[in-house]
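This report refers to the structure that appears directly beneath it.
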Amino acid sequence: MYWFLAPLIFGFICNLASAFTAAFFHRWGELRGSILTVIFRDVLGIPVWTLGFLLAARSPSPLLFTSTLATVMGWLLVTLGGAIILVALLTIRWPAARPSLKDQLVQTGIYARVRHPIHTGALLEFTGLAMINPTLPFTLASGMGMAWVFFQTWFEEIDLLERLPGYRDYLNTVPRFIPRIRAK
């Protein structure tokens, strides 16, 4: 029943390893460091943990609850999360797929409101997916996905502090996941 955990955990660990871009570059040079980052995230990380989610979704297990409202809310969260991720990727472009030591700090668009909009979108998607398919295996996978996002963000911020001039000031002025609501 819980065999989905192996690819899920392996994928999350590989994805976490991709956050050490600066260390890879310093140790193995820009080209090899970049290739290593891409392999950890785009080859071993995201596809493997996605496989873990698919296996969790297919694990036979009774629903923890049934609610049309929860399903509708789940789909809204998944859609909102996907839209946020898409906007973030269109804003940051190439460095999202292949970070380097030459990247520029992006502080425009959605990145002017939150530091990690891709992670915000992922948190919304994981929450929505658990509402759409509320089985024990899938809810566990979604909860692990949310925990992974927090660890991934923490490790990425350590890396970004080293790679991007001005990131410390950005970190102190722009919220991590949830934009500030300012009263007028």
Of the candidates Thr139, Thr91, Thr108, the one satisfying the condition of being at pLDDT 95 or above and of a type in the set (S, T, N, Q) is Thr139
So which pairs qualify, if the first residue must be in the range 41-60 and more than 14 Å from Leu129 (Cα to Cα) and in contact (Cβ under 8 Å) with a residue 40 or more places away in the chain, the second must be among the small types (Gly, Ala, Ser) and part of a helix (DSSP H, G or I), the Cβ gap must be under 7 Å, and the two must be at least 6 apart or on different chains? Asp42/Ala97; Val48/Gly11; Trp49/Gly11
Please go through (1) touching a residue at least 40 places away in the same chain (Cβ under 8 Å); (2) assigned to a helix (DSSP H, G or I); (3) within 19 Å of Ala96 (Cβ to Cβ) for Trp154 and return the number of the only condition it doesn't satisfy. (1)
Under 6 Å by Cβ, and 6 or more places apart or on different chains, what pairs join a residue from the range 87-102 that is farther than 15 Å from Val114 by Cβ with one that is outside any helix (DSSP H, G or I) and modelled with pLDDT of 80 or more? Pro95/Asp103
Whichever residue in the range 106-116 is in a helix (DSSP H, G or I) and in contact (Cβ under 8 Å) with a residue 60 or more places away in the chain and, among such residues, is surrounded by the most Cβ atoms within 10 Å (Cβ to Cβ): Tyr111
Enumeration of residues in the range 19-36 that are surrounded by 18 or more Cβ atoms within 10 Å (Cβ to Cβ) and either at pLDDT 90 or above or hydrophobic (A, V, I, L, M, F, W, C) (or both): Ala19, Phe20, Ala22, Phe24, Phe25, Leu36
Only unsatisfied item for Arg180, checking (1) surrounded by 19 or more Cβ atoms within 10 Å (Cβ to Cβ); (2) at pLDDT below 95, is (1)
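Hey, any hits in the range 130-139 for a residue that's touching a His at 6+ places or on another chain (Cβ under 8 Å), closer than 26 Å to Phe10 by Cβ, in a helix (DSSP H, G or I) and of a type in the set (Val, Ile, Thr)? Let's see the steps before the verdict.
Taking the range 130-139 and keeping what is touching a His at 6+ places or on another chain (Cβ under 8 Å), we get none.
Within the range 130-139 (the criterion being touching a His at 6+ places or on another chain (Cβ under 8 Å), closer than 26 Å to Phe10 by Cβ, in a helix (DSSP H, G or I) and of a type in the set (Val, Ile, Thr)), the answer is no, since none of the residues qualifies.
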Has the range 140-157 got any residue that is of a type outside the set (Asp, Glu), more than 30 Å from Thr66 (Cα to Cα) and surrounded by fewer than 14 Cβ atoms within 10 Å (Cβ to Cβ)? yes
Leading residue by the ranking (surrounded by the most Cβ atoms within 10 Å (Cβ to Cβ)) among those in the range 3-18 that are touching a residue at least 40 places away in the same chain (Cβ under 8 Å) and assigned to a loop (DSSP other than H, G, I, E, B): Phe4
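Check the range 64-80 and report whether any residue there is over 30 Å from His26 (Cα atoms), under 13 Å from the mean Cα position of the chain (by Cα) and either basic (Lys, Arg) or part of a helix (DSSP H, G or I) (or both). Give the derivation first.
Taking the range 64-80 and keeping what is over 30 Å from His26 (Cα atoms), we get 64-80.
Imposing the further condition that a residue be under 13 Å from the mean Cα position of the chain (by Cα) reduces the set to none.
Checking the range 64-80: not a single residue is over 30 Å from His26 (Cα atoms), under 13 Å from the mean Cα position of the chain (by Cα) and either basic (Lys, Arg) or part of a helix (DSSP H, G or I) (or both).
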The condition from (1) surrounded by fewer than 17 Cβ atoms within 10 Å (Cβ to Cβ); (2) in a helix (DSSP H, G or I) that Pro60 misses is numbered (2)
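The values are calculated or read from the model by the stated rules, or taken from the named source; none is laboratory data. Given the structure is predicted, the values throughout are model-derived calculations rather than measurements. Cβ coordinates were reconstructed from backbone atoms using ideal geometry, including for glycine residues, and neighbour counts include every protein chain displayed.
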